[in-house]
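Working notes for the structure below.
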Amino acid sequence: MPLALAALLLVSCALNPSGLVLAPGWQAHSLAVWRHMRPDMIAYRPGSRWAYVTLENPASISSPSLGAFRPHARGHAILLYGLHRADGLKFAPDGSLWIGEEADQGLIWRIAEPDQLPAEQRVERAHLEVSHDAIAPFFPAGRFAHEGIAFSKDARFAYLADEHPKGCLYRLELRTHALFVLAKGGWLRVRHPEDARAEGQRLGCRTFARIEDMETLPDGRIAMAETLRARVLVLDDRGNRPKVNVWLASPQLGHPDNLAWDASRHWLWITDDSTPSRLLAWTGTRILEVARHPKAEITGVLVVGHEVWINLQRRDRGPDLTVALAEAAKTR
């Protein structure tokens, strides 16, 4: 974006009580308050009782890991305590909720029927003990820093990225629970998921510079935010051999983090973990800056109808928030 246009954008922006600086024509309202709990990813399915938010805290029986709030209604709860740096969050094709731990020996945790889970559940992380049968570690997904999670459109595969400066990309067959790593020759079987990072490196995996998030696109490809190279990649796994290409690389990208596809606008939303943190939209031809925050990190973008939901983490004044953004003309 030219400097003059950027200056005009910021001069004409609206500054709301959340501290967000918004582009003209956009407005924001708060959905949930988290009291400095470090909200990260957001997951929601239309018709669900709750929207879900991972809370990225170190493992402790008293540290919140998963929150839930009622969209556009009062009420929120802490559903789960005890995970180690809960980050990745997606609904699987079977309706279960997958939570990824962004830690070197991180796990995927699976919650069956999350809308039925009572609040205030606990995981004793050292011994993997849980307070409710609906919560379980999903060992076939491997141990590594789980942040990026995506599912294929045909519900056959889960794609998982190791958020490491030289991390591998994995594919899990959902029916057989077989784990594979992407290497030069294609997908190679990982025999020991508990040692997935080291085994992937031994198999000569293709390495990536910290894939932060992944998003399934309408055509079945998987978009991936590679933050240390400041670009968005796209995985095409629809043919006989998987291909990874650069989809977006621009000086306007600093540290791309979370991704969300906007089906109505045909935009890719990108949170950028720079200073200030920004919410960007890639239209296919240009990058728009829709919001920025000078003293908080914008995380966990999700498109719900005409709204765009984000989290504000590590605010220097006031609690962390989940916020809905909308174009003013579409809220009338």
(message) Going through GLU194, GLU199 one at a time, which residue ends up being touching a His at 6+ places or on another chain (Cβ under 8 Å) and either assigned to a helix (DSSP H, G or I) or farther than 18 Å from GLU102 by Cβ (or both)?
(response) GLU199
(request) Could you list all residues from segment 104-158 that are within 23 Å of the chain's Cα centre (by Cα), assigned to a loop (DSSP other than H, G, I, E, B), within 14 Å of LEU79 (Cα to Cα) and not acidic (Asp, Glu)? (result) ALA112, LEU117, ALA119, ALA134
(message) As an exercise: evaluate ASP40 against (1) in a strand (DSSP E or B); (2) in contact (Cβ under 8 Å) with a residue 60 or more places away in the chain; (3) closer than 23 Å to GLU212 by Cβ; (4) in contact with a Phe, Trp or Tyr (Cβ under 9 Å, 6 or more places away or on another chain) and give the number of the one condition it does not meet.
(response) (4)
(request) List every residue pair whose Cβ atoms lie under 9 Å apart, where the two residues are 6 or more positions apart in sequence or sit on different chains, the first residue falls within segment 263-280 and is more than 17 Å from MET41 (Cβ to Cβ), and the second residue, located anywhere, is among the basic types (Lys, Arg) and at pLDDT 95 or above. (result) PRO276/ARG292; ARG278/ARG292
(message) Please pick out the residue among ALA324, ALA291, ALA281 that is assigned to a strand (DSSP E or B) and either buried (at least 22 other Cβ atoms within 10 Å of the Cβ) or more than 19 Å from the chain's Cα centre (by Cα) (or both).
(response) ALA291
(message) Name the residue that is modelled with the lowest pLDDT, counting only residues in segment 60-77 that are part of a strand (DSSP E or B) and among the small types (Gly, Ala, Ser).
(response) ALA77
(message) I need every pair where a residue in segment 115-129 that is more than 16 Å from SER48 (Cβ to Cβ) has its Cβ under 6 Å from the Cβ of a residue that is among the hydroxyl-bearing types (Ser, Thr, Tyr) and modelled with pLDDT of 95 or more, sequence separation at least 6 or different chains.
(response) GLN121/SER131; ARG122/TYR81; ARG122/SER131
(message) So if I check each of ASP236, ASP262, ASP273, which one is surrounded by 14 or more Cβ atoms within 10 Å (Cβ to Cβ) and modelled with pLDDT under 95?
(response) ASP273
(message) Go through segment 233-249 and report how many residues are over 21 Å from the mean Cα position of the chain (by Cα) and not charged (D, E, K, R).
(response) 3
(request) Just give me the residues in segment 306-321 being in contact (Cβ under 8 Å) with a residue 24 or more places away in the chain and in a loop (DSSP other than H, G, I, E, B), in sequence order. (result) HIS306, ARG314, ARG315, ARG317, GLY318, PRO319, ASP320
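The values are calculated or read from the model by the stated rules, or taken from the named source; none is laboratory data. Keep in mind it's a predicted model, so treat the numbers as computed, not measured. Every residue, glycine as well, gets a Cβ built from its backbone with ideal geometry; the counts of neighbours run over all protein chains shown.
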